[in-house]
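Chemist: Shown below is the structure under consideration.
The values are calculated or read from the model by the stated rules, or taken from the named source; none is laboratory data. These numbers were taken from a predicted model, which means no experiment stands behind them. Ideal geometry is used to build each Cβ from the backbone, glycine not excepted, and the neighbour counts take in all protein chains shown.
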Amino acid sequence: MLDSVKPFNECIRILLESVQLDPHFVEFYDWSKLLGHEPDNIQIVANEVASRDGKDIHFEGGWHIAYHDDSDFGHDKSLAIKPYAALSANERPILLYAGDGVTDLSSASQTGSTLRQERTW
């Protein structure tokens, strides 16, 4: 859907004009900083933007989304979580998933803790 907007800088402009943060996000972010130190071991799993055939991403038809994995979901974050969930209890890190919709249920089911927006699941 997003890669239908050409060129990439136009996609970014549309996103900046359209996306609204949850009204409680800033409060949550400030609270999380109270934990005392900068996290140094948080893995963020995300799709990337890639150029098409050596083109510049800021030109018509010059970019596409490079999905993190090849699942039927386009980006199944649970595939990144499963190796950590399979570790023994003394090796496994704390697994926390933050999601905002039904498409996050697969990933959330792999963790011990889940944050979600009210009225989303």
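Chemist: Could you figure out which of (1) part of a helix (DSSP H, G or I); (2) at pLDDT below 75; (3) aliphatic (A, V, I, L, M) isn't true of residue 15?
Modeler: Failing condition for residue 15: (2).
Chemist: Going by the conditions given, is residue 80 modelled with pLDDT of 80 or more, part of a loop (DSSP other than H, G, I, E, B) and either closer than 30 Å to residue 13 by Cβ or not assigned by TED's automatic domain parsing to the domain that holds residue 20 (or both)? Give the derivation first.
Modeler: Values: modelled with pLDDT of 80 or more: yes; part of a loop (DSSP other than H, G, I, E, B): no; either closer than 30 Å to residue 13 by Cβ or not assigned by TED's automatic domain parsing to the domain that holds residue 20 (or both): yes.
No: the conditions fail for residue 80.
Chemist: Still on this structure: When only residues in segment 25-49 that are over 18 Å from the mean Cα position of the chain (by Cα) and in a loop (DSSP other than H, G, I, E, B) count, which is modelled with the lowest pLDDT?
Modeler: Ranking the candidates gives 37 first.
Chemist: Could you please give the count of residues in segment 2-36 that are over 29 Å from residue 61 (Cβ atoms) and surrounded by 11 or more Cβ atoms within 10 Å (Cβ to Cβ)?
Modeler: Residues that pass the stated criteria total 4.
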